[in-house]
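To keep things clear, I will list the structure first and then write my remarks on it.
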Amino acid sequence: MPATDTVRIQLPDDRDYEIRIGSGLLGEARSWQGLPKAAAAVIVSNDKVAPLYAERLRERLLAVYARVDLVVLPDGEQHKDWASLNRICDHLLGQALDRKTVLFALGGGVIGDMTGFAAAIYMRGVPFVQVPTTLLAQVDSSVGGKTAINHPLGKNMLGAFYQPERVIADLDTLDSLPDRELRAGLAEVIKYGPIADAAFLDWIEGNLDALLARDKAALAHAVRRSCEIKADVVGQDEREQGLRAILNFGHTIGHAIEAGLGYGQWLHGEAVACGMVLAADLSQRMGLMPAGFTQRLRSLIERAGLPVQPPRLGAERYLSLMRVDKKAEAGGIRFVLIETLGRAGLHAVPDERIVETLAAHGAV
Ligand code: NAD
Ligand code: GLY
């Protein structure tokens, strides 16, 4: 069994925190020590994850907090909304819980993003801890302090930057994750190679079968290296003034696919995977990457069982969906493009190039 890894995320104003990664963390005491003191803790989870892990977490937290409540929300991206956020706030206010109360987000990215947002706004901010239980949440959404809910007019459009006190990623929780969700998480793991670490891309190519087989040592390495890269980027650019945007490689087209098909049709990671193939193609068309790069990434994504063929939504629909992306500015839709293996940047791309890429992949 791999030992616990700790990745530190360094932020100004004494807001550094640790990401702890390992097997069996829900059952051991060490990872839960030293958290903010409070009269009460509240676990926020959903009706799929709570029956699996909430009692174990509650037992662990009762060693630290005199009172531990549980709020169970309906599962699903379609519930990442005001109604669910209100249910968390209703509980906190209904139980008259004070401004020291610590929230624990037990679940995937949906629960993590919503609980973080609730923590950011309840009494102008209470501490929270991320306990991610999907691969996607362990390698991406639980780290870095982006919190949000969706609005019918756009995904993650209402939210705040608000950092957790700690991230505790128990690899054993991935045992119960459906295959499709594991694959979706692998999309975000793959993302870190082209944007930040060419050697990591080689490693993923060589270890994909072990990752798909849920080999714990392989998963531990993938989660740790992903978190190191994300921690490094967020430490340099917490509020996405520039560099942090590279973490959105594949997301501009990915978000358009999610919104265009209706949230929940494709998983976020699936849409990002397909978006990365098209963004790789754009990187080539813009003269940044040599021929062969798109094919290399496409083969890896296909081997991971992720979609590489975008839905046929039509050029106009794609363009209009991409114009509402948070990265969009006057002067053309901006994409994260790969400049050389292991380095990425934001580039405004003319509509003609985008349409060429969409057409080359059967999207129009
Ligand atoms: P999710 O939270 O919907 O979880 C996926 C499914 O797996 C759900 O049905 C969930 O209940 C279930 N599940 C979770 N853990 C499980 C487990 N251990 N065993 C069995 N089932 C389990 O989706 P996700 O892929 O984790 O996260 C996607 C969300 O994250 C999106 O809303 C996306 O916008 C957001 N996100 C945020 C950031 C960020 O930086 N904040 C980054 C990437 C994605
Ligand atoms: N997932 C992109 C970010 O955290 O910035």
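The values are calculated or read from the model by the stated rules, or taken from the named source; none is laboratory data. A quick note: this is a predicted structure, and the numbers were derived from the prediction, not measured. Every residue, glycine among them, receives a Cβ derived from its backbone with ideal geometry; neighbour counts consider all protein chains shown.
Return the residues of region 4-39 that are of a type in the set (Gly, Ala, Ser), surrounded by 19 or more Cβ atoms within 10 Å (Cβ to Cβ) and over 13 Å from ARG166 (Cβ atoms); say none if nothing qualifies. GLY22, SER23, ALA38 - these are the residues of region 4-39 that are of a type in the set (Gly, Ala, Ser), surrounded by 19 or more Cβ atoms within 10 Å (Cβ to Cβ) and over 13 Å from ARG166 (Cβ atoms). For region 171-183, the count of residues that are touching a residue at least 60 places away in the same chain (Cβ under 8 Å), closer than 30 Å to SER320 by Cβ, crowded, with 21+ Cβ neighbours inside 10 Å and within 12 Å of ligand 1 (Cβ to nearest atom) is at least one. Scanning region 284-291 finds no residues that are touching a Cys at 6+ places or on another chain (Cβ under 8 Å) and at pLDDT 95 or above. Among residues that are surrounded by fewer than 16 Cβ atoms within 10 Å (Cβ to Cβ), more than 16 Å from ligand 2 (Cβ to nearest atom), small (Gly, Ala, Ser) and within 19 Å of HIS268 (Cα to Cα), GLY94 is not included.
None of GLU181, GLU188 is away from ligand 2 (no atom under 16 Å from the Cβ), of a type outside the set (A, V, I, L, M, F, W, C) and closer than 20 Å to PRO132 by Cα except GLU181.
Output the residues belonging to region 145-157 that are in contact with a helix residue (DSSP H, G or I) (Cβ under 8 Å, 6 or more places away or on another chain) and not hydroxyl-bearing (Ser, Thr, Tyr). Hits for region 145-157 are GLY145, LYS146, ALA148, ILE149, ASN150, GLY154, LYS155, ASN156. Scanning region 137-160 for residues that are on the phi > 0 side of the Ramachandran plot and near ligand 2 (Cβ under 9 Å from one of its atoms) gives GLY144, GLY145. All conditions but one from (1) part of a helix (DSSP H, G or I); (2) crowded, with 24+ Cβ neighbours inside 10 Å apply to VAL167; the one that does not is (1).
Residues that are out of contact with any Leu (no Cβ under 6 Å at 6 or more places or on another chain) and either outside any helix (DSSP H, G or I) or modelled with pLDDT of 95 or more (or both) within region 27-43 comprise GLU28, ALA29, TRP32, GLN33, GLY34, LEU35, PRO36, LYS37, ALA38, ALA39, listed in sequence order. Could you tell me whether any residue of region 250-257 is part of a loop (DSSP other than H, G, I, E, B), within 12 Å of ligand 1 (Cβ to nearest atom) and not aromatic (Phe, Trp, Tyr)? Yes, region 250-257 has at least one match. Within region 102-136, being of a type outside the set (Val, Ile, Thr), without any contact (Cβ under 8 Å) to a residue 40 or more places away in the chain and either away from ligand 2 (no atom under 14 Å from the Cβ) or not in a strand (DSSP E or B) (or both) holds for GLY112, TYR122, MET123, ARG124, GLY125, PHE128. Total residues in region 116-159 satisfying the condition of being modelled with pLDDT of 95 or more and within 11 Å of ligand 1 (Cβ to nearest atom): the figure is 23.
Scoring LEU52 on the criteria (1) of a type in the set (A, V, I, L, M, F, W, C); (2) farther than 16 Å from PRO132 by Cα; (3) surrounded by fewer than 18 Cβ atoms within 10 Å (Cβ to Cβ) leaves a single failure, condition (2).
Restricting region 139-155 to residues that are outside any loop (DSSP other than H, G, I, E, B) and either within 24 Å of LEU62 (Cα to Cα) or hydrophobic (A, V, I, L, M, F, W, C) (or both), the residue that is nearest to the chain's Cα centre (by Cα) is VAL139.
Look at GLY34 and say whether it is over 21 Å from the mean Cα position of the chain (by Cα) and within 28 Å of ARG225 (Cβ to Cβ). Yes, satisfied. Considered as a group, the residues in region 73-101 that are farther than 21 Å from PRO127 by Cβ and not in a loop (DSSP other than H, G, I, E, B) include one that is nearest to the chain's Cα centre (by Cα), and that residue is GLU77. Of the residues making up region 210-249, those that are charged (D, E, K, R), buried (at least 17 other Cβ atoms within 10 Å of the Cβ) and not in a helix (DSSP H, G or I) are GLU238, GLU240. From the list ASP90, ASP14, ASP47, ASP81, the one residue that fits, being out of contact with any Lys or Arg (no Cβ under 9 Å at 6 or more places or on another chain), within 15 Å of ligand 1 (Cβ to nearest atom) and over 20 Å from SER176 (Cα atoms), is ASP81.
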